[in-house]
1. Scanning the chain for helices, which whole DSSP H stretches are 15 Å or more long along the axis (Cα) and average -0.5 or more by Kyte-Doolittle?
2. Can you tell me how segment 14-53 classifies by the Cα gyration tensor, rounded, prolate or oblate, using a/c under 1.5 as the rounded cut?
3. With a 10 Å cut-off between alpha carbons and a GNM built on the chain, which of Ile98, Ile19, Ile58 moves the most?
4. Got a number for carbon plus sulfur as a percent of the chain's accessible area, 1.4 Å probe?
5. Summing -39500 (n - 2.57) over the DSSP H runs of n ≥ 4 in the chain and dividing by its residue number, what mean residue ellipticity at 222 nm do you reach, to the nearest 500 deg cm²/dmol?
6. So with the 1.4 Å probe, I'd like the accessible area per residue for the chain, rounded to whole Å².
7. Roughly how many nanometres apart are two label points built 7 Å out from the Cα toward the Cβ at Glu55 and Glu95?
8. Take the chain, connect every pair of alpha-carbon atoms lying under 10 Å apart with a spring to form a Gaussian network, then pick out the residue of Lys99, Lys75, Lys109 with the largest mean-square fluctuation.
Amino acid sequence: YYKGDYVEKSYEKAVQYFIQGVGLGSGTCARMLANCQANGYGVDMDKQKAKQTYEQAIQLNDVRSYSFLGTLYYKEGDKEAALECWRKGGENGDEVSIKNLIRVLGASKDPNLRDESKQWQSKLQNKN
């Protein structure tokens, strides 16, 4: 229902199924529910609730949630919290987190952060 593939698109129905999936221990469903909360898809937009749900997804071993949570912090202007999330994601193999680190750290005026960006770039290249 989230994308409307083969069924009529309905964020409200998708949210219901995501909630059921979270109840069954699905980290992916928790991440998708958090995406809905962060963007107001099928529920009222609630960034704080989305952060909590991304944290829940992480606890359910959904490493992709690090990148989403970090991006939420970054858009709110909390660069340090964003970098912390992306670093944890990168350490756990999330490529989107690594790409975010490369982009943000590489644009820094701090040479140490630019060096860190290069280290993440190397890690990404060695992964592929």
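The values are calculated or read from the model by the stated rules, or taken from the named source; none is laboratory data. What you are looking at is a predicted structure, and each value in this text was computed from that prediction instead of being measured. Positions of Cβ are backbone-derived with ideal geometry, glycine not excepted, and every protein chain shown enters the neighbour counts. Surface areas here come from the heavy atoms of the whole protein model, side chains and all, with no ligands, DNA or RNA. Shrake-Rupley method; radii C 1.70, N 1.55, O 1.52, S 1.80 Å.
1. 11-23, 27-39, 64-75, 95-106
2. Verdict is oblate for segment 14-53.
3. Ile19
4. After summing per-atom areas, the C and S share lands at 46 percent.
5. Helix contribution divided over all residues of the chain: -23000 deg cm²/dmol.
6. Ligands and nucleic acids excluded, the result is 60 Å² per residue.
7. 3.0 nm
8. Of Lys99, Lys75, Lys109, the Gaussian network model singles out Lys109 as fluctuating most.
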